[in-house]
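Below is one structure, written out as structure tokens; comments come after it.
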Amino acid sequence: MKSRLLIAASVKRAVPLCGLLLCLAALGTSAQEVRKVIDQPRPRYPEVAKTLRLSGTVKVQVTIGTDGQIKETKVLGGHPIFVDVTLDTLKKWRYAPGPAETTAQLEFNFHPPEY
């Protein structure tokens, strides 16, 4: 009888542990791989924005191909003046090659230069 109780107690402890391991395994397989950036030129601050002393943030979601080049961009928000220079610059970004396409959200902050 005592051995049955020990086995039952061991099983009760093992079940949550197995559940935890399954959750961790699921997280590992579904999580996006973090890709190393090889070349990331910064967007230039536009001349018209200098004149108007504009500041702002552009948020972009990018799809990175297996070859490390950005295949697709989706603007999530930002001033059109800053969006244009950001998208032009992202054409020059390069990531390390990877086994599958990945997505990333990028944020670019623009502030008028100090004179």
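What distance in nm separates the two pseudo spin-label positions at Val48 and Glu114, each 7 Å out from Cα along the beta-carbon direction? Taking the simple label geometry, Val48 and Glu114 are separated by 2.8 nm. For the range 40-97, averaging the sequence separation of C-alpha pairs within contact (under 8 Å, six or more residues apart) and dividing by the residue count gives a relative contact order of 43 percent. Place a label point 7 angstrom from the Cα of Ala104 along the Cα-to-Cβ direction, then list the residues of the range 48-84 whose backbone nitrogen is under 15 Å away. From the range 48-84, the list is 59-74.
We did not get these values from a lab; they are worked out from the coordinates using the rules stated. Note that the structure is predicted; figures quoted are calculated from it, not measured. Here the Cβ is made from the backbone with ideal geometry for all residues, glycine too, and neighbour counts use every protein chain on show.
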